[in-house]
Amino acid sequence: MSDDPRSRAICILGATGSIGASTLDVASRLGIPVHAVTAHSKVAELARDAVASKARVAVIGDPARLDELRRALDGSGVRAEAGPEALCAAACAPEVGAVVTAIVGAAGLPATVAAARAGKRLCIANKEPLVMAGPLVMAAAKAAGGAVLPVDSEHSAIFQCLEGHRPDEVTEILLTSSGGPFRTVQDLSAVTVEQALKHPTWSMGPKITIDSATLMNKSLELIEAQVLFGIGAERVRILVHPQSVVHSMVSFRDGSVMAQLGRPDMRTPIQYALTWPSHLSGPVEAPDFARLGSLTFEDPDRRRFPSIDLAYHAARLGGLAPAVMNAANEVAVAAFLAGRARFLDIFATVERALGQLSNVSDPSLDEIVDADLSTRRRYA
Ligand code: NDP
Ligand code: MG
C-alpha cells in the first residue's frame, strides 16, 4: 500500500466525540477520504459529520435510532446502519485502510478487535480496549499484518522516541502527566463534578477528563504503554509535567534521553498515526520555545492519588486485573458524573474490585468480557 495517506480511506469510530472531531479536521485538511463515521446516540451530529466528510456509511450504535438516522440522511447518498455488528462491519469494510478508534470506554472493544483481525492500520485513541485485552489485540493485529499506531499523545511521543531502537536499549519510559486540576489541592474529599471537569491544559470528552483529575488516566496509560511497547510497567515511570509540552520521554542505557514535544493539540498525534512514517504539514505549529517559560517535572503524589499504585498493582497481577480495574473505574466515573458518588469513591471502588478479583492468566476474550460485565454489575 502506498505511503500516501490519501490512498487509504478511513473509518472513524466515535466521530461525534472530541477525538472524532479532531480526526475529521485532520482528514479534511489532508484530503484523506472518509469511508465511515459512527456514533452512539447523537443522530443529528452523526448525520452532519457524515455529509460534511462525504462518508459512504454512517453507523449509529443504538439500533433504536436507525429510522431517525435514515430520516436525517435522506437524499444525502450516505447509507445509514445501526447496532454493534454494523460498527464492526464499518471498521472491517474492504475500502477501509485505517481505523481511528475514538469510542469511549470498553464499548469500543468489539470493533477494535474486529479491525485488528481485519489487518487495518489501527490508530488507537480508545485506550480502554488495550487495557482490557492488550495482548489479544496486539496478537490479532500482528497475525493479520496490520500496524498499531498510538493516538494517545504520550504513547505517540514514546512511539516516536523508540523508532529505530530495540526494547533492550531502553532503561525507562518517562510517561508524563499534567497532574490534572487537583495537582495542588490537598483535600479531595469535597471536589465537585464541575471542578473535576475543568482540565488545565487539554479539552476532552467528560470520561477522560475525570480520569485525568483522578490520574486514573495515567493508570490506564501505564498499562497501555506496557501493551504497546512490550516494556514492563516497572520500567515505566510516571512524571508530572504541568505544562503538557513534553508529551513523554524515553531514557536509554547510555544515559541519553529522547523526548517528543508539541502543543497540547490532539490533531498532532492523530495526524501522525494516519501519516506514519511521514510527518506531513498540518494545522498545528511547533511551540515557540522563547515564549514557553519554564518546563517543570515532579513525582506524582501517590498518597492523594492512589490510582498510581493501583495501576502498578494491576499490571503486576496481569490476567484479568487490568480489565477489572478499567470496568470498576468506568462505573465509578459514571456514578460520580451522575452525582451518585463522591470523587474519592472512584479510588475506593477500583481498590475493592482489585481486592476481590479472582484472576486467571492469559484470559480469552470471552473471559475478559465476562470479567468486565460482572465487575460492572457488582460495583455499579
Ligand atoms: P467523547 O466522549 O468526546 O466521544 C466519545 C465517542 O464515542 C462519541 O462519538 C460517542 O457517540 C461514542 N460512544 C460513546 N459510547 C458509545 C457506545 N456505547 N458505543 C459506540 N459508541 C459510543 O470521548 P473522547 O473523544 O474524549 O475520547 C474517546 C477515546 O479517546 C477515549 O477512550 C479516551 O480515553 C481517548 N483519548 C481521548 C483524548 C482526548 O483528547 N479527548 C486524548 C487521548 C485519548 P455519541 O456522541 O453519540 O455519544
Ligand atoms: Mg494521554
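Derivation of every value follows stated rules applied to the coordinates shown; laboratory data play no part. Note that the structure is a prediction, hence the values are computed from the model and not measured. Cβ placement follows ideal geometry from the backbone for every residue including glycine, while neighbour counts extend to all protein chains displayed.
Given the -39500 (n - 2.57) contribution per DSSP H run of 4+ residues, what per-residue ellipticity at 222 nm results for the chain, rounded to the nearest 500 deg cm²/dmol?
Details: 16 runs with 173 residues, N = 380.
For the chain, the value works out to -13500 deg cm²/dmol.
Each peptide in 130-142, 294-306, 317-329 receives the mean, over its residues, of other Cβ atoms within 10 Å, and ordering these scores from highest gives 317-329, 130-142, 294-306. Placing +1 on the Cβ of each Lys and Arg and -1 on the Cβ of each Asp and Glu in the stretch 217-352, which of PHE343, VAL284, THR268 has its Cα farthest towards the positive end of the resulting dipole? It is PHE343.
Which percentage, to the nearest 5, of the DSSP beta bridges contained in the chain is antiparallel? Of all bridge pairs located within the chain, approximately 25 percent are antiparallel. The 3J(HN,Hα) values that the Karplus relation (6.51, -1.76, 1.60; θ = phi - 60°) gives for the stretch 207-220 are, in residue order, 5, 5, 5, 5, 4, 6, 6, 8, 6, 4, 4, 5, 5, 5 Hz. Gly and Pro appear as x.
Put simply, the amide H of ASP62, placed in the peptide plane, has neighbours under 5 Å in GLY83, leaving out anything fewer than 5 places away on its chain. Summary of the geometry: the stretch 13-84 and the stretch 177-247, compared by the centres of their Cα atoms, lie 30 Å apart. Based on the Stokes-Einstein relation at 25 °C and a viscosity of 0.890 mPa s, and on the Kirkwood radius from alpha carbon pairs, the stretch 311-376 is assigned a translational diffusion coefficient of 206 µm²/s.
For GLU81, GLU154, GLU234, what ranking results if the residue with the fewest other Cβ atoms within 10 Å of its Cβ goes first?
Working: GLU81 20, GLU154 27, GLU234 11.
Ordered by Cβ neighbours within 10 Å, fewest first: GLU234, GLU81, GLU154.
Within a straight-line Cα-Cα reach of under 18 Å, LYS142 can be paired with the following aspartates and glutamates, leaving aside sequence neighbours fewer than 8 residues apart in one chain: GLU163, GLU224, ASP362. For the pair the stretch 315-369 and the stretch 249-309, the centres of their Cα atoms are 28 angstrom apart.
Per the Debye calculation on the stretch 264-380 with a single equal scatterer at every Cα and no solvent contribution, log₁₀ I(q)/I(0) for q = 0.20, 0.21 Å⁻¹ amounts to -0.98, -1.02. I need the per residue convex hull volume for the chain, using only the alpha carbons, in cubic angstrom as a whole number. For the chain, the hull spanned by Cα atoms encloses 138 Å³ per residue. In loop segments of the stretch 156-258 as defined by DSSP, the trypsin sites (Lys or Arg not before Pro) with at most 14 further C-beta atoms inside 10 Å of their C-beta are LYS198, ARG253.
Of all aspartates and glutamates in the structure, those lying under 16 Å Cα to Cα from LYS120, and not within fewer than 8 positions of it along the same chain, are ASP3, ASP4, GLU95. Overall size of the stretch 133-273 from C-alpha positions, given as principal axis extents largest first: 46, 36, 27 Å.
Report the charge-dipole magnitude of the chain in Debye, nearest 20, computed about the Cα centre from +1 at each Lys and Arg Cβ and -1 at each Asp and Glu Cβ.
Details: 37 positive and 41 negative charges, 101 e Å.
The dipole magnitude comes to about 480 debye.
For the stretch 296-312, putting each phi into the Karplus relation 6.51 cos²θ - 1.76 cosθ + 1.60 with θ = phi - 60° gives couplings of 10, 9, 8, 6, x, 8, 6, 6, 6, 10, x, 3, 5, 5, 4, 5, 5 Hz, in residue order, rounded to whole numbers and with x for Gly and Pro. Based on alpha-carbon atoms, the Kirkwood radius and the radius of gyration of the stretch 1-137 give Rg/Rh equal to 0.94.
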